[in-house]
Amino acid sequence: MPQRRPSREGVGKSPLKKLRDELGMSQEELARQLGISSRTVSRWEAGDNVPTFTVPQIKALARLLESKGKTIEDLPDHFGPSDD
């Protein structure tokens, strides 16, 4: 039987989700741009996994951000939900 994730009630929105919203992208669109699965993006946003990137993925992310007037510096230090 699969384990259930603890309730996220009272937990703030993920900074990565906020950034995706600013970029106007779905989890699937971001995943496709980075060459990863949408499930991976979901896990990052939920705080279930810590993101790791290959050099090509970092370059793809930098190009994506640049096309939207942002830089790597605009990325949050942590992608999971905030405790606010």
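Pairs linking a residue in the stretch 56-80 that is under 14 Å from Arg32 (Cα atoms) to a residue that is assigned to a helix (DSSP H, G or I) and at pLDDT 90 or above, with Cβ atoms under 7 Å and 6 or more positions apart or on different chains, are Gln57/Leu34; Ala60/Gln33; Ala60/Leu34; Leu61/Leu34; Leu64/Gln33.
Candidates are the residues of the stretch 11-40 that are of a type in the set (D, E, K, R) and over 14 Å from Ser82 (Cβ atoms); the one that is nearest to the chain's Cα centre (by Cα) is Arg20.
So which residues in the stretch 37-55 are out of contact with any helix residue (DSSP H, G or I) (no Cβ under 9 Å at 6 or more places or on another chain) and either loosely packed, with under 13 Cβ neighbours inside 10 Å or without any contact (Cβ under 8 Å) to a residue 24 or more places away in the chain (or both), if there are any at all? Walk me through it before giving the result.
Initial filter on the stretch 37-55 (out of contact with any helix residue (DSSP H, G or I) (no Cβ under 9 Å at 6 or more places or on another chain)): 43, 46-47, 52, 54-55.
Result: Arg43, Thr52, Thr54, Val55.
Mind checking whether some residue in the stretch 66-84 is among the small types (Gly, Ala, Ser) and either closer than 17 Å to Ser14 by Cα or in contact with a strand residue (DSSP E or B) (Cβ under 7 Å, 6 or more places away or on another chain) (or both)? Step through it out loud before you land on a result.
Restricting attention to the stretch 66-84, the residues satisfying the condition of being among the small types (Gly, Ala, Ser) are 67, 69, 80, 82.
Still in the list and also either closer than 17 Å to Ser14 by Cα or in contact with a strand residue (DSSP E or B) (Cβ under 7 Å, 6 or more places away or on another chain) (or both): 80, 82.
Yes: the stretch 66-84 contains one or more residues that are among the small types (Gly, Ala, Ser) and either closer than 17 Å to Ser14 by Cα or in contact with a strand residue (DSSP E or B) (Cβ under 7 Å, 6 or more places away or on another chain) (or both).
Taking the stretch 41-84 as the search range and keeping residues that are small (Gly, Ala, Ser) and assigned to a loop (DSSP other than H, G, I, E, B), which one is farthest from the chain's Cα centre (by Cα)? Result: Gly69.
The values are calculated or read from the model by the stated rules, or taken from the named source; none is laboratory data. These numbers were taken from a predicted model, which means no experiment stands behind them. Ideal geometry is used to build each Cβ from the backbone, glycine not excepted, and the neighbour counts take in all protein chains shown.
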